[in-house]
Structures are given as structure tokens and as C-alpha cells.
Amino acid sequence: MQSLRADVVVVGLGAFGSAALWRLAARGVDVVGIERQGIGHPFGSSHGSTRLFRVACMEHPGLTPIAQKSLQLWTELGERTGEVYVRQTGSLNVGAPDSHPVSGARRAAAEAGASTAELSHDELTSRFPQYHVAGEDVAVWDPGAGICYAEPTVRAHVAEAQRLGATVFPHTMVTTIDLSSGSVTVRTPTIDIQAEQVVVCAGAWLGKLVPGLPLSPRRTPLFWFQPKDLASDAFRLENFPSFIWEFPDGRGLWGHGSDEDFGVKVGLDGAKRSRDFDPDELDRYIHPREDIAELAAAIASSFPDLDPEPVKVIPCMVTDSPDGQFLVGRRDERLVIAGGDSGHGFKHCAGIGELLAQLTTKEAPYTDASFVDPMRY
Ligand SMILES: Cc1cc2nc3c(=O)[nH]c(=O)nc-3n(C[C@H](O)[C@H](O)[C@H](O)COP(=O)(O)OP(=O)(O)OC[C@H]3O[C@@H](n4cnc5c(N)ncnc54)[C@H](O)[C@@H]3O)c2cc1C
């Protein structure tokens, strides 16, 4: 058994943990990252090619500064590495004027200063004829939005952290986080690490490592589609930017057009999905009836020029909290956590990594993150 000492250990190097590792290493902190799988693996919540990036965040206006911090940090990282981590093509929040996407984006604009533009029903349907909009739906245009790149970003965070001096143990499972002495001991089958603090970002497994959190893993596959007319460029990203669309029955679609060689990504909000399972037991099979039929029907009626049969489906999961907000903050003098992504965390991960680094090093946070404080539970 190997033993090590460090200032901080980060457990779990998915979206949140890889960003925390990077931002701690950027401050010269002696930091060790431990990941049960390989870096950028497909068994948690951060795999697949892309995620939606939004600035006028309907979920809470306090998220706007966090998305903006991610954008700033990824832009700086991209200038160093020559890679692009966010592509800003704008995005549409579509629905009835009082729907969550429309009213939430308006609230982010009013309270957090996110820049937005309103599209009437006629403007929406004439500028975006791909939408088959029943009723009088309108849209809020979020010009700073677009897509971000999931797996490459996680790998880039970890590579940058290592370049800045972080030590990383992939394929190493944390079995115990022992807070019983004056420091913290993080135990794995092959190495024990003693540290001043631990930052636990274990995604769907967070509740297993830190008991007492009200977290609920939910199975949520990722789907890709193709236009019926393969020669058409109507569903390319520049013509069909990212969107969230709420239907009158409360369900809704989200997605974005094809980028480079990726297909058109579309998912269904409000679909019946299994939840509260042990993430080690996630059903990784795709079931045509349960997983695809409801989404295919919604696509057939909403985007009639898309082939409703998916060309690719991969399993994934999100971890819900009761209020749909993250749990980011301190649980104990030596224990900081980030989780409860509730299906909208990727765009915020670099900004959350920065908050975690500031918390751990006792710097003032760059924004008020009290709405995600885990002590609210
Ligand atoms: C279908 C789908 C669509 C989504 N769409 C969007 C979107 O459009 N925009 C957006 O912003 N977000 C979106 N999200 C949400 C986003 O992907 C998540 O918020 C984010 O990936 C969560 O990251 P995480 O770090 O919490 O979890 P993960 O990335 O799963 O990281 C947790 C890590 O901890 C590791 N781990 C667990 N237990 C241990 C242990 N004992 N020892 C060591 N390591 C351990 C795991 O292996 C894993 O790597 C979507 C998610 C899904 C599933």
C-alpha cells in the first residue's frame, strides 16, 4: 500500500472534478485527483460529444455568471491549447410566453444582465422553418449560447492540471473518505492519501461517498438524428442552433444541429425514466419502445423534416436534487462537494471548478453561489 500527502484531494474527475483539479493546480495548490475509470470515460454523466451552452439560464439567474466564468476560462485555455471548447452560435428558448424556457430566460436577462432578444411567433417560424410550432409559441434568443464539447473538455482540464503540477490516479476507486482525525484520509485499494481537505465530485455516486444528500440518479440516454434529406443543410448547427422548447403539456425537446461529423442531437424533457437506482446498476441497454418511441413521436410532430429514427443512442445519467439546483459548497471543515447536476451542469463546470478552488483556498468567491449551497439540505 502506497501512502501520500497532499493539500487537497479531488475525488471523481468528470466535469466538475476535472475542473476543480485544474483550477486548484492553477493556484499552485498541491493537489491529487483520483478517478475510478479512465479520463473522459463513458460510464458517468460527462460523455458524448457535446452539451448545450446557455448564458440566459432559465434554471436560475445566479447561473449566468457561472456560465460566463466557464466561457472565460475555456477561452483562455483554448488560446493556450489551440482547441475550441465552446462554439457560440446562439440558442432559442421556445414555448408559450409564460413557459419555463421563455420566462426563465427573461428572468436571467432582467436579473443577471444576460443579453437576449425576443422573437415573436411569426419571427420564430419564418427565421427557423424547421420548427413545426402549433399554438402561439414565441422564443427568447440567447446570443452568447451555443454548444460545448464534453469529453475533450474533461480531458483538457485534466491535462492542463497535470501540466500545472497536479498528480492524477486514473482507474483508482476511492473506497472511504475518513474525516475522523484532524485531517482527511482518502482510501483506495492501492493508495492512501492524507490531505487537509477533500473535494468530492463523484456525480451519480456522490451520495454513496457522502451519505445524507438528497440526490437521485436518473437514467437519461443521449440521442442523435439525421435529416430526411441528407443533402439538406437545414439542420446544420449554424442554421439550427441549440434550443430548449417546452410543450403545453410540460414535456419538451432540447438539442442542437449537427456540427462537423456529429448528428443532430435531440432529447426529451419530461420522459418517464428510471431513477433512484444504484449507479453501478445503470441499465446500459437501449430499449426501442421505452427509450425511443415517445421521443420519436415528439420529433415527428415538431421537426417533420428530421427522420424520427435515431442514428445513435448511448446511455447516460443525470443526478437530480429536489430543487433542480446543484449542490456546490462546504459540508464540513475538510469536506467540499459538487454534484446534483440535475441535467444542466456541464456548461457551468469550469465556473464551478473555480468556485471550488476559491472555497478550498478560502478566497472570496467571484459570484454569489449561496443558492447552490449544499447546507440548504
Ligand atoms: C443526456 C444528457 C444531456 C445533458 N445535456 C446537458 C446540456 O445540454 N448542457 C449542460 O450544461 N449539461 C447537460 N447535461 C448535464 C451534464 O452532462 C452534467 O451536469 C455533468 O456532466 C455532471 O458532471 P459530474 O462531474 O457531476 O459527474 P461525472 O462526469 O459523472 O463525474 C463523476 C466522476 O466521479 C467518478 N467516481 C465516482 N465514484 C468514484 C469513486 N468512488 N472513486 C473515484 N472516482 C469516482 C466517476 O467515475 C465519474 O468520472 C446532460 C447530461 C445528460 C446525461
Of the residues that make up the range 28-41, is at least one outside any helix (DSSP H, G or I), closer than 30 Å to Ala139 by Cα and not assigned by TED's automatic domain parsing to the domain that holds Pro279?
-> no
Condition set within 14 Å of the ligand (Cβ to nearest atom) and buried (at least 17 other Cβ atoms within 10 Å of the Cβ), scope the range 173-184, selection farthest from Arg331 (Cα to Cα): answer is Val174
Residue hits (the range 33-43; buried (at least 24 other Cβ atoms within 10 Å of the Cβ) and either more than 6 Å from the ligand (Cβ to nearest atom) or under 21 Å from Leu73 (Cβ atoms) (or both)) are Gly33, Glu35
Exactly one of Thr360, Thr319 is of a type outside the set (Asp, Glu), surrounded by 14 or more Cβ atoms within 10 Å (Cβ to Cβ), at pLDDT 95 or above and touching a Pro at 6+ places or on another chain (Cβ under 7 Å), and that residue is Thr319
Among residues of the range 336-357 being more than 6 Å from the ligand (Cβ to nearest atom) and part of a strand (DSSP E or B), the residue nearest to the chain's Cα centre (by Cα) is Ala338
Report task. Consider Thr64 carefully, then state whether it is free of Cβ contacts under 8 Å to residues at least 40 places away in the same chain and either touching a Leu at 6+ places or on another chain (Cβ under 6 Å) or assigned to a helix (DSSP H, G or I) (or both). Result -> no
When every residue in the range 307-324 that is in contact (Cβ under 8 Å) with a residue 60 or more places away in the chain and away from the ligand (no atom under 12 Å from the Cβ) is compared, the one farthest from Leu179 (Cα to Cα) is Asp307
| said: Condition (residue is surrounded by fewer than 24 Cβ atoms within 10 Å (Cβ to Cβ) and outside any loop (DSSP other than H, G, I, E, B)) applied to the range 7-14: is it met by at least one residue? | reply: yes
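Answer with yes or no whether Ile244 is surrounded by fewer than 22 Cβ atoms within 10 Å (Cβ to Cβ) and touching a strand residue (DSSP E or B) at 6+ places or on another chain (Cβ under 8 Å).
So Ile244 does not fit the description; no.
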Considering residues that are within 22 Å of the chain's Cα centre (by Cα) and either within 10 Å of the ligand (Cβ to nearest atom) or surrounded by fewer than 15 Cβ atoms within 10 Å (Cβ to Cβ) (or both), the number found within the range 156-172 is 1
- Message: So for the range 100-114 (the condition being surrounded by fewer than 18 Cβ atoms within 10 Å (Cβ to Cβ), among the polar types (S, T, N, Q) and in the same structural domain as Gly255 (by TED's automatic domain parsing)), does at least one residue qualify?
- Response: yes
Only unsatisfied item for Arg51, checking (1) more than 11 Å from the ligand (Cβ to nearest atom); (2) in contact with a helix residue (DSSP H, G or I) (Cβ under 8 Å, 6 or more places away or on another chain); (3) part of a strand (DSSP E or B), is (1)
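So that you can scan it fast, the table gives a plain yes or no per residue for (1) of a type in the set (A, V, I, L, M); (2) farther than 24 Å from Ser342 by Cβ; (3) modelled with pLDDT of 95 or more:
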| site | (1), (2), (3) |
| --- | --- |
| Val184 | yes, yes, yes |
| Pro189 | no, yes, yes |
| Val199 | yes, no, yes |
| Lys208 | no, no, yes |
| Pro214 | no, no, yes |
| Trp224 | no, no, yes |
| Lys228 | no, yes, yes |
| Phe243 | no, no, yes |
| Gly257 | no, yes, yes |
Condition set aliphatic (A, V, I, L, M) and in contact with a helix residue (DSSP H, G or I) (Cβ under 8 Å, 6 or more places away or on another chain), scope the range 185-213, selection surrounded by the fewest Cβ atoms within 10 Å (Cβ to Cβ): answer is Leu213
Given (1) surrounded by 19 or more Cβ atoms within 10 Å (Cβ to Cβ); (2) within 14 Å of the ligand (Cβ to nearest atom), Phe235 misses just (2)
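The values are calculated or read from the model by the stated rules, or taken from the named source; none is laboratory data. Computed from a predicted structure; not experimentally measured. All Cβ positions, even for glycine, are placed from backbone atoms using ideal geometry, and neighbour counts span all protein chains on display.
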